[in-house]
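To start, the structure itself, in structure tokens.
The values are calculated or read from the model by the stated rules, or taken from the named source; none is laboratory data. Since the model is a prediction, treat every value here as computed from it, not as a measurement. All Cβ positions, even for glycine, are placed from backbone atoms using ideal geometry, and neighbour counts span all protein chains on display.
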Amino acid sequence: MESQEIPKSEVIEQVYEWIYSLGALRAGLELRVWEKIAAGVDTAEKIAAQEGWNLAGVRVLLDTICALKLLTRNGERYSLVPESAYYLIPGKPTYKGGIVQHEINWEGNGKLAEAIRSGVRPVVYDATTADVVGLWIADYSRRWVYPEAYFDIDNKLWQSLEIQAQEGLRVLDLACGPAPISMALARLNPGVCITWLDWEDVLQTALKVAVGLGIANQVVLMPGDLWSVDLGSDAFDVAYLGNVTHFFSPEENTRLFRKVYSALARGGCIVVDSVVRRESAFTDTVALWLYAATATGGAYDFAEYRTMLENAGFANVRDFDQGPIKAVKP
Ligand SMILES: C[S@@+](CC[C@H](N)C(=O)[O-])C[C@H]1O[C@@H](n2cnc3c(N)ncnc32)[C@H](O)[C@@H]1O
């Protein structure tokens with residue numbers, strides 16, 4: 001091969017940058033550098049002197065974090081950027097440092113390869129269990145603190161799905177997390193009743209938000225494992241399943257959709273809003289995370305979801321603007 005035919009190694013160099021950036025982030029979080037700078041200990045000299053740390057090490061770490069745009073530097077002084085002020089100060093309700101530290105080890109420092117060889121997964125933790133509720137609570141920190149920020153987008157979603165906030169509408173938000181989507185609907189009409197299913201801690205966190213918004217009286221809680229909680233029959237007009245069906249296999253989803261089918265009134269609809277594989281060259285890294293963090297999950301395409309929904313009895317399966325999938329109980 002002629003030397004000019006050898007491709008440049010920019011992509012590989014980019015990978016080095018990711019690797020080094022992760023190291024900087026991990027060390028910065030462990031050493032709580034943002035907290036110190038926020039408290040006015042804002043030069044490398046001051047931090048090193050206060051903590052008894054190596055000055056050259058502190059300086060190079062802070063400068064690397066500046067390159068990551070999570071600090072800025074003016075002369076010798078470092079200051080926070082808005083993202084580090086909100087998300088990287090321990091104790092703030094929007095703190096995400098814990099989940100970042102947790103997720104840095106998402107593939108168990110090399111265990112993913114073994115899981116790919118053997119097919120035995122999840123690798124480090126199972127995202128479908130109650131053990132990881134802390135993950136979801138931390139991941140959605142902005143939604144808990146600023147729910148209003150999402151309502152416009154969520155209202156548009158309901159409009160595009162042709163679902164109106166009618167008096168008496170009964171909505172099941174299954175694996176609701178911070179439940180912004182169903183909250184948006186409830187805010188439009190005090191006659192809308194929303195039922196939330198998720199793990200107890202998640203529901204209690206969401207309930208505090210609903211109290212703050214003055215809609216708690218419209219909320220019914222169904223805590224527990226979605227596989228064992230009884231959804232009843234003929235109990236809902238709409239079932240919204242946001243970002244949860246990609247945690248399960250097609251067979252499990254079909255079982256879940258059957259359960260939802262029974263819970264819906266005739267003419268009611270299910271909305272599946274998940275990671276959907278859209279093109280032949282699907283490049284979403286979340287699919288790999290799903291492989292590692294669930295026992296059976298994956299990113300399915302529209303045709304696969306249609307089969308699962310139809311096997312559960314649903315009809316008129318539609319793909320809305322390449323977004324959520326809606327189907328009707330005939
Ligand atoms: C990725 S979050 C999605 C939250 C929300 N629906 C959304 O779209 O923003 C997944 C949610 O599913 C919940 N979940 C996962 N497995 C569950 C299970 N077996 N039983 C109940 N909730 C579960 C998690 O607690 C988490 O809140």
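Within region 233-267, the set of residues being within 21 Å of the chain's Cα centre (by Cα) and surrounded by fewer than 19 Cβ atoms within 10 Å (Cβ to Cβ) comprises Asn243, Ser249, Pro250, Glu252. Flag not set for Lys69, criterion: touching a helix residue (DSSP H, G or I) at 6+ places or on another chain (Cβ under 6 Å) and free of Cβ contacts under 8 Å to residues at least 24 places away in the same chain. Every condition in (1) surrounded by 12 or more Cβ atoms within 10 Å (Cβ to Cβ); (2) over 24 Å from the mean Cα position of the chain (by Cα); (3) assigned to a loop (DSSP other than H, G, I, E, B) holds for Val58 except the one numbered (3).
Yes/no per residue for (1) near the ligand (Cβ under 10 Å from one of its atoms); (2) of a type in the set (Gly, Ala, Ser); (3) free of Cβ contacts under 8 Å to residues at least 12 places away in the same chain:
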{"residue": "Thr128", "(1), (2), (3)": "yes, no, no"}
{"residue": "Ser141", "(1), (2), (3)": "no, yes, no"}
{"residue": "Pro147", "(1), (2), (3)": "no, no, no"}
{"residue": "Ile153", "(1), (2), (3)": "no, no, yes"}
{"residue": "Ile163", "(1), (2), (3)": "no, no, no"}
{"residue": "Gln166", "(1), (2), (3)": "no, no, no"}
{"residue": "Arg170", "(1), (2), (3)": "no, no, no"}
{"residue": "Cys176", "(1), (2), (3)": "yes, no, no"}
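Just one of the listed residues (Ala186, Ala175) is over 15 Å from the mean Cα position of the chain (by Cα), among the aliphatic types (A, V, I, L, M) and at pLDDT 95 or above, and it is Ala186.
Each residue in region 97-117 was checked for being under 15 Å from Gly28 (Cα atoms) and in contact (Cβ under 8 Å) with a residue 60 or more places away in the chain, and 4 of them qualify. Note on region 66-109: residues that are of a type in the set (Asp, Glu), under 16 Å from the mean Cα position of the chain (by Cα) and within 16 Å of Glu35 (Cβ to Cβ) total 0. Just to be sure, is Val229 in contact with a strand residue (DSSP E or B) (Cβ under 6 Å, 6 or more places away or on another chain), among the aliphatic types (A, V, I, L, M) and surrounded by fewer than 15 Cβ atoms within 10 Å (Cβ to Cβ)? Yes, satisfied. Test Arg26 against the stated conditions and say whether it is touching a residue at least 40 places away in the same chain (Cβ under 8 Å), in contact with a helix residue (DSSP H, G or I) (Cβ under 6 Å, 6 or more places away or on another chain), within 30 Å of Thr294 (Cβ to Cβ) and surrounded by fewer than 16 Cβ atoms within 10 Å (Cβ to Cβ). Yes, satisfied.
Taken together, the residues in region 96-123 that are more than 16 Å from the ligand (Cβ to nearest atom) and either on the phi < 0 side of the Ramachandran plot or in the same structural domain as Ser249 (by TED's automatic domain parsing) (or both) amount to 17.
May I ask you to list the residues in region 226-252 that are in contact with a Phe, Trp or Tyr (Cβ under 8 Å, 6 or more places away or on another chain) and either near the ligand (Cβ under 10 Å from one of its atoms) or among the polar types (S, T, N, Q) (or both)? Selection gives Thr245, His246.
From the list Trp106, Trp136, Trp144, the one residue that fits, being surrounded by 13 or more Cβ atoms within 10 Å (Cβ to Cβ) and assigned to a loop (DSSP other than H, G, I, E, B), is Trp106.
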